[in-house]
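Undergrad: Quick one: the structure is below, questions incoming.
The values are calculated or read from the model by the stated rules, or taken from the named source; none is laboratory data. What you are looking at is a predicted structure, and each value in this text was computed from that prediction instead of being measured. For neighbour counting, all protein chains shown are included, and Cβ atoms are generated from backbone atoms with ideal geometry for every residue, glycine included.
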Amino acid sequence: ETGVTQTPRHLVMGMTNKKSLKCEQHLGHNAMYWYKQSAKKPLELMFVYNFKEQTENNSVPSRFSPECPNSSHLFLHLHTLQPEDSALYLCASSQDLRTGWQSGRAYEQYFGPGTRLTVT
Amino acid sequence: QKEVEQNSGPLSVPEGAIASLNCTYSDRGSQSFFWYRQYSGKSPELIMSIYSNGDKEDGRFTAQLNKASQYVSLLIRDSQPSDSATYLCAVTPPGSTLGRLYFGRGTQLTVWP
């Protein structure tokens with residue numbers, strides 16, 4: 001495996017289901033991200049983790065619960081979602097955020113293929 | 001809310017022409033800028049990053065940054081039909097926020113043979 005991988009690639013779930021999205025990066029990075037991409041809207045940052053520690057939560061509803069057990073893996077646990085949560089969920093990774101900001105520059109983020117989620 | 005504005009297009013150019021994609025941003029202190037390409041149904045793919053005023057060239061792509069005017073652009077020389085995609089501009093805000101990246105809505109480019 002190379003780059004950033006995501007599973008599953010497609011997911012259909014009912015509003016009462018519980019499911020999880022998985023992301024794995026093979027780039028040796030230490031920062032990982034979850035984004036949401038809805039039709040006609042800009043990519044929207046959800047969560048950021050740096051060395052397993054959450055550094056950003058962009059006011060995401062609690063029905064989305066992230067988990068980062070190590071720098072290579074990131075999960076997004078889903079429960080009691082709404083139809084408006086249907087979207088493409090993208091995972092990304094980058095080098096360590098702190099060393100980047102010490103230099104005044106943000107590192108490039110590399111995206112996985114995404115999970116197309118449909119909530120019925 | 002930090003704003004990143006892009007002309008949604010569609011921008012249509014003939015094969016071999018130069019495609020010019022523009023992006024403006026509202027936060028004057030922004031320091032890091034990125035261009036991504038996204039094919040329909042696919043995830044964003046990084047094309048280029050730029051951090052300093054001026055031009056940065058990579059193959060057929062040239063990014064141009066003017067922080068005083070809060071403007072970043074992407075030029076694609078010798079455009080090919082395979083360049084047809086949506087191009088996303090992304091900007092990081094200044095300050096201590098780690099990892100935050102603001103995206104524009106993207107410009108849809110069509111290169112016709």
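Undergrad: Are any residues in the stretch A:43-58 among the charged types (D, E, K, R) and closer than 18 Å to A:S71 by Cβ, and if so, which ones?
TA: Once the filter is applied, which keeps residues that are among the charged types (D, E, K, R) and closer than 18 Å to A:S71 by Cβ, the stretch A:43-58 yields A:K52, A:E53, A:E56.
Undergrad: Do we have any residue at all in the stretch B:76-93 that's within 13 Å of chain A (Cβ to nearest Cβ) and in contact with an Asp or Glu (Cβ under 8 Å, 6 or more places away or on another chain)?
TA: yes
Undergrad: Still on this structure: Tell me which residues, restricted to the stretch A:1-22, are touching a Phe, Trp or Tyr at 6+ places or on another chain (Cβ under 7 Å) and not hydroxyl-bearing (S, T, Y).
TA: Of all residues in the stretch A:1-22, those touching a Phe, Trp or Tyr at 6+ places or on another chain (Cβ under 7 Å) come to A:3-4, A:20-22.
Listed by number, the residues that qualify are A:G3, A:V4, A:L21, A:K22.
Undergrad: Based on what the data block shows, is B:R37 surrounded by fewer than 16 Cβ atoms within 10 Å (Cβ to Cβ) and over 22 Å from A:F47 (Cβ atoms)?
TA: Spelling it out, it is not the case that B:R37 is surrounded by fewer than 16 Cβ atoms within 10 Å (Cβ to Cβ) and over 22 Å from A:F47 (Cβ atoms).
Undergrad: Of (1) under 23 Å from B:L46 (Cα atoms); (2) at pLDDT below 95; (3) surrounded by fewer than 21 Cβ atoms within 10 Å (Cβ to Cβ), A:H73 satisfies all except one. Which?
TA: (2)
Undergrad: Looking at (1) more than 8 Å from chain B (Cβ to nearest Cβ); (2) in a strand (DSSP E or B), which is the one condition that is false for A:E84?
TA: The single condition A:E84 does not satisfy is (2).
Undergrad: Right, another one. All but one of (1) crowded, with 16+ Cβ neighbours inside 10 Å; (2) more than 18 Å from A:Y110 (Cβ to Cβ); (3) touching a residue at least 60 places away in the same chain (Cβ under 8 Å) hold for B:S84, so report the exception by its number.
TA: Looking at each condition in turn, B:S84 falls short on (3).
Undergrad: If we keep just the residues of the stretch B:17-41 that are part of a loop (DSSP other than H, G, I, E, B) and modelled with pLDDT under 95, which is farthest from the other protein chains (Cβ to nearest Cβ)?
TA: Checked the stretch B:17-41; the qualifying residue farthest from the other protein chains (Cβ to nearest Cβ) is B:R28.
Undergrad: Pick from the stretch B:94-112 the residues that are over 14 Å from the mean Cα position of the chain (by Cα) and modelled with pLDDT of 95 or more: which of them is nearest to the other protein chains (Cβ to nearest Cβ)? So that I can check it myself, show each step before the final result.
TA: Looking only at the stretch B:94-112, we keep the residues that are over 14 Å from the mean Cα position of the chain (by Cα), and these are B:94-100, B:110-112.
Now drop any that are not modelled with pLDDT of 95 or more, which leaves B:110-112.
Working: B:T110: 18, B:V111: 23, B:W112: 24 Å.
Per the stated criteria, the residue is B:T110.
Undergrad: Further question: Enumerate the strands (runs of 3 or more DSSP E) found wholly within the stretch A:2-67, keeping only those where 2 or more residues are more than 10 Å from chain B (Cβ to nearest Cβ).
TA: Per the criteria, A:4-7, A:10-13, A:18-25, A:31-37, A:53-57.
Undergrad: Pull up the stretch A:92-120, narrow it to residues that are more than 9 Å from every other protein chain (Cβ to nearest Cβ) and assigned to a strand (DSSP E or B), then point me to the one that is surrounded by the fewest Cβ atoms within 10 Å (Cβ to Cβ). First the steps, then the outcome.
TA: In the first step, residues of the stretch A:92-120 are kept if they are more than 9 Å from every other protein chain (Cβ to nearest Cβ); the result is A:93, A:95-96, A:99, A:102-103, A:115, A:117-120.
With assigned to a strand (DSSP E or B) added as a condition, the list becomes A:93, A:115, A:117-119.
On the way: A:S93: 27, A:T115: 22, A:L117: 21, A:T118: 13, A:V119: 19.
Filtering the stretch A:92-120 for residues that are more than 9 Å from every other protein chain (Cβ to nearest Cβ) and assigned to a strand (DSSP E or B), the one surrounded by the fewest Cβ atoms within 10 Å (Cβ to Cβ) comes out as A:T118.
Undergrad: For the stretch A:36-84, how many residues meet the condition of being hydroxyl-bearing (S, T, Y) and in contact with a helix residue (DSSP H, G or I) (Cβ under 9 Å, 6 or more places away or on another chain)?
TA: The total comes to 2.
Undergrad: Can you name the number of the only condition in (1) in contact (Cβ under 8 Å) with a residue 60 or more places away in the chain; (2) hydroxyl-bearing (S, T, Y); (3) buried (at least 18 other Cβ atoms within 10 Å of the Cβ) that B:T110 fails?
TA: (3)
Undergrad: Which one of these is surrounded by fewer than 14 Cβ atoms within 10 Å (Cβ to Cβ) and hydroxyl-bearing (S, T, Y): B:S49, B:S20, B:S79, B:S12? So that I can check it myself, show each step before the final result.
TA: On the way: B:S49 fails: surrounded by fewer than 14 Cβ atoms within 10 Å (Cβ to Cβ); B:S20 fails: surrounded by fewer than 14 Cβ atoms within 10 Å (Cβ to Cβ); B:S79 fails: surrounded by fewer than 14 Cβ atoms within 10 Å (Cβ to Cβ).
Residue meeting the stated conditions: B:S12.
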